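Peer 1: Before I ask anything, let me first share the structure, which is written out below as structure tokens.
The values are calculated or read from the model by the stated rules, or taken from the named source; none is laboratory data. Please read these numbers as outputs of a predicted model, since none were measured by experiment. Don't worry about glycine lacking a Cβ; one is built from the backbone with ideal geometry, like all the others, and counts go over all protein chains shown.
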Amino acid sequence: MNNPTLEFTGLTKGYNHGKPNEVKVLTGANASINSGEVVALVAPSGAGKSTLLHIIGLLDTPDAGTLKIAGQDMAGQGDAKRTLMRRTTLGFVYQFHHLLPEFTAAENVILPQRAMGVSASAARTRAVELLGTVGLEHRADHRPGELSGGEQQRVAFCRALANNPRLLLADEPTGNLDPETSDQVFDVLIGLVRDTGLSALIATHNLDLAARMDRTLRLQNGHLVET
Ligand code: ADP
């Protein structure tokens, strides 16, 4: 049965509307991602990848169009509902890990769970378990500064999955790593996504990485084309 985790139609977004320097970034983007599907988002720099990911990630709003996440219509939802969706239903991974440097790996994975009211001991148990799935149980009590780039990014994956999201949004998640580490860390990410059965939209410039996902969507001229 078709059961989209993410569904959007006719998304448009521009900047500086009505001014001479108006930029139309999205001109009617449509896509649907089913439960458990892993989809690559490929776009040249400046095509509007970040704009689209920010809209889907509820960090920005479109000028027009519909957006449904986990079956819930996001149109007209207030800040409280959008924040709750971001914390519970969406997971984010960026090109840079953005871990909090003064906290350990485990604490970075514990914090989003505590924000949702999970007890300290249950959050610690889940954090250590998640770190174990990416081969980092022995680094649980180390701070990000003591970890390699690949290890930092693996901790960031665990943090993104801490609250059991339905949809993972990733923006060039291995873009900062050397090619060999990038390959290994990408395998870890795909393994995690497959094991947990969540859906993912992963932006990448790397067509080899894109080919390892279920589908590729290319952002061109403001809309998405299946390739
Ligand atoms: P990508 O992530 O694919 O590199 P972006 O979504 O960041 O692309 O940007 C798409 C286009 O929109 C670019 O031409 C960029 O200059 C423009 N843009 C992005 N944000 C703004 C903004 N706040 N104001 C004006 N133009 C913007």
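Peer 1: Which ones in the range 1-27 are of a type in the set (F, W, Y) and in contact (Cβ under 8 Å) with a residue 40 or more places away in the chain?
Peer 2: Selection gives F8 alone.
Peer 1: Condition first: within 13 Å of the ligand (Cβ to nearest atom) and hydrophobic (A, V, I, L, M, F, W, C). Now tell me which residues in the range 11-31 satisfy that.
Peer 2: L11, V23, V25, L26, A29
Peer 1: Which of the following residues is away from the ligand (no atom under 16 Å from the Cβ) and of a type in the set (F, W, Y): F8, F103, F96?
Peer 2: So the residue among F8, F103, F96 that is away from the ligand (no atom under 16 Å from the Cβ) and of a type in the set (F, W, Y) is F103.
Peer 1: On the given criteria, is T181 of a type in the set (V, I, T) and part of a loop (DSSP other than H, G, I, E, B)?
Peer 2: Here the answer is no, as T181 does not meet what is asked.
Peer 1: Taking the criterion of being at pLDDT 95 or above, in a loop (DSSP other than H, G, I, E, B) and either closer than 22 Å to L90 by Cβ or within 15 Å of the ligand (Cβ to nearest atom) (or both), would at least one residue in the range 201-208 satisfy it?
Peer 2: no
Peer 1: Right, here's the next one. Restricting to the range 210-226, name every residue that is in contact with a Ser or Thr (Cβ under 7 Å, 6 or more places away or on another chain) and within 24 Å of I69 (Cβ to Cβ).
Peer 2: A210, T216, R218, G222, H223 - these are the residues of the range 210-226 that are in contact with a Ser or Thr (Cβ under 7 Å, 6 or more places away or on another chain) and within 24 Å of I69 (Cβ to Cβ).
Peer 1: Can you name the residue in the range 32-55 that is among the β-branched types (V, I, T) and not in a strand (DSSP E or B) and, of all such residues, is farthest from the ligand (Cβ to nearest atom)?
Peer 2: I55
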